[in-house]
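What follows is a short report on a single structure.
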Amino acid sequence: CGVFGMYSPQPLDLAWMTYLGIFALQHRGQEAAGMCVSDGDKFHVEKDLGLVTQVFDERRLDSVRLANARVSIGHVRYSTTGSNLRFNAQPLTTRTNKGILGLAHNGNFVNAREVRNRMLMEGALFATTNDSEVMLNLIARESHMDLVEATAGAMQQLRGGYACVLMSRTALIGFRDPNGVRPLVIGQRDSGDGSYGGAYVIASEPCALYAVGARLLRDVLPGELVWVDHDGLHSMMVHPGKPTPCSFEWIYFARSDSSLDGVDTHASRIRMGEQLAREFPVDADIVVPVPDSGMGAAIGYARESGIPFDYGLYKNPYAGRTFLAPTQEARDLKVKMKLSPTSAVAGKRVVLIDDSIVRGTTSRQIVNLLREAGATEVHFRVSSPPIKHPCFYGIDTAARKELVASTHTLEQIRELIGADSLRFISERGLKEAVGGPGLCMACFNGDYPAGTPLLNDVDKLA
Ligand code: 5GP
Ligand code: SF4
Ligand code: MG
């Protein structure tokens, strides 16, 4: 998911700003979108299933717009827990004796079910199957405390990988899990006189800051809680932990123009490709990316190997999100809806570069497309290690039994996807390419830095 929040000391069109912010985060979730806007008195909420541009037409954006808006949050959803239902769309809101609160959440809490069961026994009520509601209820019920204290208390009780923005009518809060698994950054808009005394922005990625004319101040630290109110930006270290941000943010998830925890995603993808070329060289005529996710690594592979980069696969820019297709034939046609080989591959030995293989089904069809277009050899190189374990921190890498690398050997996967050779970057190589203090690589090696759910809660392991 993607989260966005804004606090402005001067009245600002925060409905429009939030629209721009979540539109810049659309790649982080395409199932639902929503926002809350407040002027200190009124509190508007709109959310629905669909892309940002589908949910917010002009009329709907107008309905959340407030002339003197001060605080807003927004969300784009990618369902990992709770099904794709309208009432699971975010932000979630609740009424407390401190007034109405809105929460937008990215990630997963590994002990949400235990905490939820405990709260149910104590008389709490839940409207959704969404684990974000557990967080919001934990904060809401500590209504004798101030909002910052209550939020810090909730952070102490829930474990996992998460990044959230929370708003009341008068304050904006952002917080990140103790391992910093999910990203969160702070930015600020120019006040107009060049002094950067303007609105504060908290978002999943810097690209959302730039979208509203803000510059990056810094990343929220792992375990840190920040809040913005009438006297500016404040911070509290709630739960310091060992930083292990999600390696998949750099491999695939984050936008290529974002830099997270000081590491630029595009530059790191190029280094992954260079590393792949050193680890697994091959004699070939052209390097072709699977667009768009294989782009950075393909540039790196071409640079390091000296094999020319070429535009071997056209991606229809209108294809957008692909839907579930019921039959194999329909699924094959679905890939063709999105990708089609160019003349570059005819008679060529191709190094095909992608960021990951999850189920292997798309990869198999892409190899097939290249062969049909006359490629003489297809050597598949992947800029992530084989995905063998489920993610419990908010990236939907499918249940274990669907992960092709958890049930097949390298040779079996190669045969399944029909490539002449297949190689994945090493874990060590990936770590070096990203750099930084530490990384979550649990979906590759099963070493979960932020804990796992109780065994009887784990339907994903099946
Ligand atoms: P596969 O061959 O496993 O069916 O598909 C691999 C492709 O899926 C890669 O191009 C990769 O970029 C893409 N992919 C990896 N993770 C995700 C994800 O979480 N969501 C979507 N939509 N695509 C993903
Ligand atoms: Fe990211 Fe994989 Fe860790 Fe999930 S398990 S947070 S996808 S590195
Ligand atoms: Mg892809």
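The values are calculated or read from the model by the stated rules, or taken from the named source; none is laboratory data. Just so it is clear, the structure is predicted and the values come from calculations on it, not from any experiment. No Cβ is skipped: glycine too gets one built from the backbone with ideal geometry, and neighbour counts run over all protein chains shown.
Consider Ala89 against the criteria (1) aliphatic (A, V, I, L, M); (2) at pLDDT below 95; (3) in contact with a helix residue (DSSP H, G or I) (Cβ under 6 Å, 6 or more places away or on another chain): it satisfies all of them except one. Which criterion is unmet?
(3)
Of the conditions (1) touching a residue at least 24 places away in the same chain (Cβ under 8 Å); (2) touching a Ser or Thr at 6+ places or on another chain (Cβ under 7 Å), Glu46 clears all except one; give me its number.
For Glu46, the failing item is (1).
For Met295, state whether it is under 21 Å from Leu403 (Cβ atoms) and either at pLDDT 95 or above or β-branched (Val, Ile, Thr) (or both).
Values: under 21 Å from Leu403 (Cβ atoms): no; either at pLDDT 95 or above or β-branched (Val, Ile, Thr) (or both): yes.
It is false that Met295 is under 21 Å from Leu403 (Cβ atoms) and either at pLDDT 95 or above or β-branched (Val, Ile, Thr) (or both).
Report whether or not Ala203 is over 21 Å from Thr151 (Cβ atoms) and surrounded by 24 or more Cβ atoms within 10 Å (Cβ to Cβ).
On the way: over 21 Å from Thr151 (Cβ atoms): no; surrounded by 24 or more Cβ atoms within 10 Å (Cβ to Cβ): yes.
For Ala203, the condition - over 21 Å from Thr151 (Cβ atoms) and surrounded by 24 or more Cβ atoms within 10 Å (Cβ to Cβ) - is not met.
Just to check your reading of the model, which residue among Leu138, Leu101 is in the same structural domain as Val185 (by TED's automatic domain parsing) and free of Cβ contacts under 8 Å to residues at least 24 places away in the same chain? Before you say what the answer is, go through the steps one by one.
On the way: Leu101 fails: free of Cβ contacts under 8 Å to residues at least 24 places away in the same chain.
Among Leu138, Leu101, only Leu138 is in the same structural domain as Val185 (by TED's automatic domain parsing) and free of Cβ contacts under 8 Å to residues at least 24 places away in the same chain.
Would you point out the residue of the stretch 340-350, among those that are crowded, with 20+ Cβ neighbours inside 10 Å and part of a strand (DSSP E or B), that is nearest to ligand 2 (Cβ to nearest atom)?
Looking at the filtered set, the residue picked out is Val350.
Counting only residues that are assigned to a helix (DSSP H, G or I), more than 18 Å from Pro222 (Cα to Cα) and in contact with a helix residue (DSSP H, G or I) (Cβ under 6 Å, 6 or more places away or on another chain), how many does the stretch 138-157 have? Break it down into steps so the answer makes sense when it comes.
Just the residues of the stretch 138-157 that are assigned to a helix (DSSP H, G or I), to begin with: 138-141, 147-157.
Filter once more, keeping what is more than 18 Å from Pro222 (Cα to Cα): 138-141, 147, 150.
Narrowing the set further to residues that are in contact with a helix residue (DSSP H, G or I) (Cβ under 6 Å, 6 or more places away or on another chain) leaves 138-139, 150.
Looking only at that region, the number is 3.
Would you please name the residue that is nearest to Cys207 (Cα to Cα), looking only at residues in the stretch 259-293 that are among the polar types (S, T, N, Q) and within 17 Å of the chain's Cα centre (by Cα)?
Within the stretch 259-293, the subset among the polar types (S, T, N, Q) is 259, 265, 268, 275, 293.
Checking which are within 17 Å of the chain's Cα centre (by Cα) leaves us with 259, 265, 268, 293.
Values: Ser259: 9, Thr265: 11, Ser268: 16, Ser293: 17 Å.
Out of the qualifying residues, it is Ser259.
Find the residue count for the stretch 298-321, including only residues that are small (Gly, Ala, Ser), modelled with pLDDT under 95 and at negative phi.
Applying the first criterion (small (Gly, Ala, Ser)) to the stretch 298-321 yields 298, 300, 302, 305-306, 312, 319-320.
With modelled with pLDDT under 95 added as a condition, the list becomes 319-320.
From what's left, at negative phi: 319.
The qualifying residues number 1.
So which residues in the stretch 218-252 are within 16 Å of ligand 3 (Cβ to nearest atom) and among the acidic types (Asp, Glu), if there are any at all?
Glu249 - this is the single residue of the stretch 218-252 that is within 16 Å of ligand 3 (Cβ to nearest atom) and among the acidic types (Asp, Glu).
Can you tell me which residues in the stretch 148-161 are crowded, with 18+ Cβ neighbours inside 10 Å and free of Cβ contacts under 8 Å to residues at least 60 places away in the same chain? Give the derivation first.
The first filter runs over the stretch 148-161 and keeps only residues crowded, with 18+ Cβ neighbours inside 10 Å, leaving 148, 150-152, 154-155, 158-161.
Hits for the stretch 148-161 are Ala150, Ala154, Leu158.
If only one of Glu31, Glu46 is surrounded by 17 or more Cβ atoms within 10 Å (Cβ to Cβ), farther than 19 Å from Arg189 by Cβ and within 18 Å of the chain's Cα centre (by Cα), which one is it? Before the answer, list the steps.
Values: Glu46 fails: within 18 Å of the chain's Cα centre (by Cα).
After applying the criteria, what remains is Glu31.
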